[in-house]
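Participant: Got a structure for you, questions after.
Just so it is clear, none of the values below were taken in a lab; they were calculated from the coordinates. Here the structure is a predicted model, which is why all the values come from computation and not from measurement. Counting neighbours? That spans all protein chains shown, and the Cβs are built from the backbone with ideal geometry, glycine included.
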């Protein structure tokens, strides 16, 4: 260890250059993976706190609106004794020039009130609750009345500000089901029906049994499309797998930046390395000992580069909230994100970065070290 540290200090310019090259390679990779894990974590929380079953119509192979009469039918059935049945409308619209998500609920959930930063839950027609960052952007306070360009004839009154717990809450507008139906022109229709059980439904057979019970309560002619919690989780994993493929540009960047790192680690342009190896051979070092010293040297360099890249990434994402970077990692994000960009720095990805840096440097260095150690000390020290 002392010999490896001493060798790195003696060749400080080469060591610093290689460490910075590796840190630049790892920085975008570790940042992208941290944001992806942060988004996945928030999505999994939403999934776990969501419904056990989602219902809508099978509309030409896709999901279509379901009639509000089906919601009333389920609420009046025997299933309502041990199931929580709720309908909602999901949509998007523009709030001035900003795209926002709109949720219409037939009744406010019990857990919504504690999440309000100011104001109260909507109770009367035309009352809405919006995300705090959306209100800050347009300087809105509870009591303000406004209309949206998608339906200027519908007037809303802001009654509460929602503290964003995830990125989806930052640009969110929540209203009653009747107001959402009037706004989107969906009278008598819903986007979907949510069904929750009093106890957590077991995966697999338990969810299938719930689907069959719901089907038995609805008209047989209804083209029902159901999505269980398990199926929603599978779609979630598939989506994040696709997102991981989008990060291919960072892998290409890493491969390009790895070229100078490989050249530096291989000893290109450093005859002093060959002379040093020749001197070690003259002092009695064996070839295995020299190779082990080289491997230890690059382990230390890789460890330093990984730690540096991780710390810089954490400082940038936490200190600047992903300024300049978030727009490349999350869709429809501005130069300065209007929400707290979620990140999770897992040890596994740092370990993967360490292995990547070590393999990148070791590939050229071992071959060059082995080549120099085959020479006699006289040949290595001209």
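Participant: What length, rounded to one decimal in nm, is gained on full extension from residue 92 through to residue 137, with 0.36 nm per residue of separation minus their alpha-carbon distance?
Facilitator: Gain on stretching residue 92 to residue 137: 14.4 nm.
Participant: Shifting gears a bit: What FRET efficiency would be calculated for the residue pair residue 359, residue 49, taking the C-beta separation as r and a Förster radius of 51 Å, to the nearest 0.05?
Facilitator: The pair residue 359/residue 49 has a calculated efficiency of 0.80.
Participant: Looking at the P(r) of the range 16-102, how many percent of alpha-carbon pairs lie beyond 14 Å?
Facilitator: 80
Participant: Relative contact order for the range 53-199: what is it in percent, counting Cα pairs under 8 Å that are at least 6 residues apart?
Facilitator: Reported relative contact order: 36 percent.
Participant: Let me ask something else. Neighbouring Cβ atoms within 10 Å as the yardstick, rank 343, 149 fewest first.
Facilitator: Going from least to most buried by this count: 149, 343.
Participant: Please report the orientation-averaged projected area of the range 53-199, defined via the convex hull of its C-alpha atoms, in nm².
Facilitator: The number I arrive at for the range 53-199 is 9.6 nm².
Participant: Pull out the extension gain between residue 112 and residue 328, defined as 0.36 nm times the separation in residues minus the alpha carbon to alpha carbon distance; nm, one decimal.
Facilitator: 74.6 nm
Participant: Still on this structure, I have one more. Restricting to the range 53-199, compute how many DSSP beta bridges are antiparallel as a %, nearest 5.
Facilitator: 75
Participant: Now, a different point. What length, rounded to one decimal in nm, is gained on full extension from residue 63 through to residue 287, with 0.36 nm per residue of separation minus their alpha-carbon distance?
Facilitator: Between residue 63 and residue 287, full extension yields an extra 74.0 nm.
Participant: Project the alpha carbons of the range 113-188 onto their principal axes and report the range along each, largest first, in whole Å.
Facilitator: So the extents along the principal axes, rounded to whole Å, are 31, 23, 22.
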